[in-house]
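Following: one structure in structure tokens, then a few remarks.
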Amino acid sequence: MRKKIVAGNWKMNKDIEEGVSLISEILELSKSVELSAKEEIVIIPPFIHLTEAKKKLGSSEVKIGAQNVHHKAEGAYTGEVSSRMLASIDMDYCLVGHSERRTYQKETDEQMLGKTRQLLEAGIQPIFCLGESLEERESDRYFEVVKSQLTVIFTLSEEEFSNVVIAYEPVWAIGTGKTASSDQAQEIHAYLRRLISEKYGEAVANDTTILYGGSCKPENAADLFSKEDVDGGLIGGASLDAQSFIGIIKAL
Ligand code: PEP
């Protein structure tokens, strides 16, 4: 089902005490927000917070996701976390292919596809991130770049793909304060939806949630979210402050 989502990626921020207090603030402020069945708030904290955060969220409508998962089911992979482990603490979502992991951990297409498959098998929805670098944008190669990133998961079956959320995050806009204009975001989102339609058909494409990420703030969120193919946002920096995060949610 196509949903409107605002998801907060905390990245490597907040110790346990700070995390618990951020969740308390989000829960308190979110009381003033009415969500329809097709709208979701998601928090995506580091691993150490997940169990405590899940308890704290209790029966609230706020969903939770992890920032990473390993591409193999289990085994001798010290320091890694599997999809089955995430499922055992009831994760709703998990990021795959965030540009910071593509850059710093040199994640490959094969690993990203493996992670996506592991999550789907465990019943967790992947949020598959993609987006071009500044150099790729300036040399007008951004359509070809996002196409090659998206088609990595085109070996999924139609049923599997229907459970994937896409996040378009131009690398030049992440953590830089430079936001893509709402027209730039719409142009790519519409293109991604067309590619999905060509591969899986119009019904699947229309049902796919495509988020925008990259310096999204309360001040620019309403403009971005007003675009037909922008179904919400993946928020980094601004999700670390409850007021800003809720401000963005209100823009939905
Ligand atoms: C992100 O990390 O996914 C992100 C969009 O970060 P920021 O909002 O800080 O640009």
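Neighbour counts of other Cβ atoms within 10 Å put Thr151, Thr78 in the fewest-to-most order Thr78, Thr151.
Modelled spin labels at Ser197 and Ser157, positioned 7 Å past Cα toward Cβ, are 2.6 nm from each other. Placing +1 on the Cβ of every Lys and Arg and -1 on the Cβ of every Asp and Glu, with no other charges, gives region 40-94 a dipole of roughly 100 debye about its Cα centre.
Using only alpha carbon pairs under 8 Å that are at least six residues apart, calculate the relative contact order of region 198-252 and give it in whole percent.
38
Listed peptides 87-97, 190-200 appear in the order 87-97, 190-200 once ranked by packing, highest mean of other Cβ atoms within 10 Å at the front. What is the percent of Cα-Cα separations in region 43-185 that go past 27 Å? For region 43-185, the fraction of Cα-Cα distances above 27 Å is 25 percent. The order of Ser157, Ser182, Ser83, going from fewest to most other C-beta atoms within 10 Å of their C-beta, is Ser157, Ser182, Ser83. Mean separation of Cα pairs under 8 Å and 6 or more residues apart, divided by the residue count, gives the chain a relative contact order of 22 percent.
From its DSSP helices (H runs of at least four residues, each -39,500 (n - 2.57)), the chain gives a residue-normalised ellipticity at 222 nm of -12000 deg cm²/dmol. For region 218-235, putting each phi into the Karplus relation 6.51 cos²θ - 1.76 cosθ + 1.60 with θ = phi - 60° gives couplings of x, 6, 10, 5, 4, 5, 4, 6, 6, 6, 3, 9, 9, 9, x, x, 9, 10 Hz, in residue order, rounded to whole numbers and with x for Gly and Pro.
So, with +1 on the Cβ of K and R and -1 on the Cβ of D and E, and no other charges, what is the size of the charge dipole of the chain about its Cα centre, to the nearest 20 debye?
300
Taking amide H positions as modeled 1.01 Å from N, with prolines and chain starts lacking one, the residues under 5 Å from Ile235 and 5 or more places away or on another chain are Ala7, Gly8, Asn9. Shown for His98, His70: other C-beta atoms within 10 Å of each C-beta, ranked fewest to most, produce the order His70, His98. Over region 1-68, the fraction of Cα-Cα pairs per 10 Å bin, rounded to whole percents and listed from the shortest bin up, is 20, 56, 23, 2. Going by a ≥ b ≥ c, the root eigenvalues of the Cα gyration tensor, does the chain fall in the rounded group (a/c under 1.5), the prolate group (a/b larger than b/c) or the oblate group? Because its axes are fairly even, with a/c under 1.5, the chain counts as rounded.
What is region 97-172's relative contact order, in percent, from Cα pairs under 8 angstrom and six or more apart in sequence? Walk me through the numbers on the way to the answer.
On the way: 80 pairs, mean separation 30.7, N = 76.
Dividing the mean separation by the residue count of region 97-172 yields 40 percent.
Taking the DSSP beta bridges with both ends in the chain, the antiparallel portion is around 0 percent.
Values in this text are rule-based calculations from the coordinates and carry no lab data. Not measured: the values here are computed from a predicted model. Don't worry about glycine lacking a Cβ; one is built from the backbone with ideal geometry, like all the others, and counts go over all protein chains shown.
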